[in-house]
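Each value in this text was obtained by applying a stated rule to the coordinates, not by laboratory testing. Quick caveat, the model's predicted, so the values are computed rather than measured. Here the Cβ positions follow ideal geometry from the backbone for every residue, glycine too, while neighbour counts run over all protein chains shown.
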Amino acid sequence: MSRTAREGYTGSGPGAITPDGCAVELYRRLPAGDEPGIIERAVPTGASILELGSGTGRITHPLVERGFTVTAVDESRQMLEGVHGARTVCTPIETLRLDARFDVVLLASFLVHAAGPGVREGLLRTCRRHVADEGRVLIQREGAGRHENLPREREIDGGLIRVVSSEPVRPGVRSVHVEYLFPDARWTQTFLSCPLTDEAFENALAQAGLAVDAYLTDNRTWVRALPVTR
Ligand SMILES: C[S@@+](CC[C@H](N)C(=O)[O-])C[C@H]1O[C@@H](n2cnc3c(N)ncnc32)[C@H](O)[C@@H]1O
C-alpha cells in the first residue's frame with residue numbers, strides 16, 4: 001500500500017520515506033537495543049505476537065529468533081520488505097481487522113502519542129480487538145522530560161541521533177524534529193507528539209477497553225495492559 005504523508009509528519013534523506021516521516025534505510029541500520037529483552041520478560045514463552053508499526057523488523061527479528069510467532073503490521077510496503085521470518089500485513093493500524101486474536105499485541109515506538117483525529121483511539125482499539133481474552137498488550141510510551149532540555153544527542157552504532165526541537169503547534173500537540181547523522185548519510189524526521197500524563201494515558205486505555213497491569217521499566221515507558229472483559 002502506498003500512502004501519502006500524514007499531516008504534520010515529514011522526513012528527508014536517502015531512500016523511501018514512510019507516511020509518518022521515517023526513513024526506511026535508516027531503520028534498516030538501527031540496532032535493536034534492549035527492547036526485545038523487555039518484551040521477552042513480559043510475555044509467555046513462544047507467544048503469538050501482533051507487532052503494530054514493525055518497520056523493517058528491527059524488533060521483529062530478535063523476537064522471531066527467541067521463538068515467538070510474529071505478525072508484523074505496517075502501512076509502508078517498503079518497510080515490510082525488510083521483514084523476514086514473520087507474516088506481514090500492509091495496512092494502517094487503525095483499520096486493521098484480522099480474523100485472529102493474539103497472546104500479545106505490541107504497540108511500540110511511541111505510536112500511542114500519535115496525533116490526528118481519532119488516531120490514538122484507533123490504534124488502541126486495534127490493540128483491544130486483536131488481543132486474546134487472556135492476552136496482554138505491551139505499549140512503549142514517552143518518558144518524563146522527553147520534550148525538555150533540547151537539543152539532546154546520543155550516539156548509536158556509528159551515528160548520532162539529535163532531537164533538535166519540540167515546539168507546541170496546538171493545544172496538547174507538539175512538533176518534534178530529529179536528525180540522524182551518519183558518516184555516509186543524513187536523515188531527518190518531523191513528527192507530531194501528544195504528551196500524555198499517567199492519568200491521560202490510563203484514561204485513553206480505559207476508553208479502548210484496556211487497563212494497566214504493570215509499568216515494566218523504572219522510567220515507566222514500557223507498559224503491560226490487559227483487556228477489560230465484561
Ligand atoms: C518509528 S518507526 C519504528 C519501526 C519499528 N517499530 C522499530 O522500532 O524499528 C514507526 C513505524 O510505524 C509505521 N506506522 C506509523 N504509524 C502507523 C499507522 N498508523 N499504521 C501503520 N503503520 C504505521 C511507520 O510506517 C514506521 O514503519
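Note down the magnitude of the dipole of segment 1-55 about its Cα centre, charges +1 on Lys and Arg C-beta and -1 on Asp and Glu C-beta and zero elsewhere, to the nearest 20 debye. Write down the numbers at each step before the final one.
Numbers: 5 positive and 7 negative charges, 29 e Å.
I would put it at about 140 debye.
For the chain, set up a Gaussian network in which alpha carbons nearer than 10 Å are linked by springs, and say which option among L30, L138, L111 fluctuates the most.
Checking each option, the largest mean-square fluctuation is seen for L30.
Looking at the P(r) of the chain, how many percent of alpha-carbon pairs lie beyond 33 Å? All intermediate terms of the calculation are to be shown ahead of the outcome.
Details: 2766 of 26335 pairs.
Everything past 33 Å amounts to 11 percent.
What FRET efficiency comes out for the pair R154/A5, r = Cβ-Cβ distance, R0 = 22 Å, nearest 0.05?
Details: r = 26 Å, r/R0 = 1.20.
Taking R0 as 22 Å, the efficiency between R154 and A5 is 0.25.
How much of the pair distance distribution for segment 34-81 lies past 13 Å, counting alpha-carbon pairs only, in percent?
Details: 583 of 1128 pairs.
The proportion of pairs with Cα distances above 13 Å equals 52 percent.
How much length, in nm to one decimal, is gained on full extension between R230 and E167, taken as 0.36 nm per residue of separation minus their Cα-Cα distance?
On the way: separation 63, 0.36 × 63 = 22.68 nm, distance 4.09 nm.
Answer, rounded to one decimal: 18.6 nm.
Treating only the Cβ atoms of Lys and Arg (+1) and Asp and Glu (-1) as charged, compute the dipole magnitude of the chain about its Cα centre; round to the nearest 20 debye. Display every interim value, and only then the final one.
Numbers: 27 positive and 30 negative charges, 78 e Å.
Result for the chain is approximately 380 debye, rounded to the nearest 20.
Go ahead and collect, in residue order, the members of segment 17-43 whose backbone nitrogen is under 17 Å from a label point 7 Å along the Cα-Cβ direction of T217.
From segment 17-43, the list is 30-43.
Place a +1 charge on the Cβ of each Lys and Arg in segment 31-113 and a -1 charge on the Cβ of each Asp and Glu, then give the dipole magnitude about the Cα centre in debye, rounded to the nearest 20.
Details: 7 positive and 11 negative charges, 24 e Å.
Once rounded to the nearest 20, the dipole reads 120 debye.
Can you sort I49, I161 from fewest to most other Cβ atoms within 10 Å of each residue's own Cβ?
Numbers: I49 24, I161 16.
Taking fewest neighbouring Cβ atoms as first place, the list is I161, I49.
Test of understanding: express the Cα radius of gyration of segment 1-112 as a ratio to 2.2 N^0.38 Å, with N the residue count. If you can, show how the numbers build up before the last one.
Details: Rg = 13.7 Å, N = 112, 2.2 N^0.38 = 13.2 Å.
Against the compact-globule rule of thumb, the ratio is 1.03.
Report the local net charge at I59: Lys and Arg +1, Asp and Glu -1, summed over other residues whose C-beta lies under 10 Å from its C-beta.
On the way: positive: R58; negative: E35, E51.
Residues near I59 contribute -1 overall.
Using all C-alpha to C-alpha distances in segment 151-230, build P(r) with 10 Å bins and read off the rounded percent in each one.
Pairs per bin, as whole percents: 16, 30, 31, 19, 4, 0.
From the residues L160, A108, F191, which one has its Cα farthest along the dipole of segment 86-229 in the positive direction, the dipole being from +1 and -1 charges on Cβ of Lys/Arg and Asp/Glu about the Cα centre?
F191
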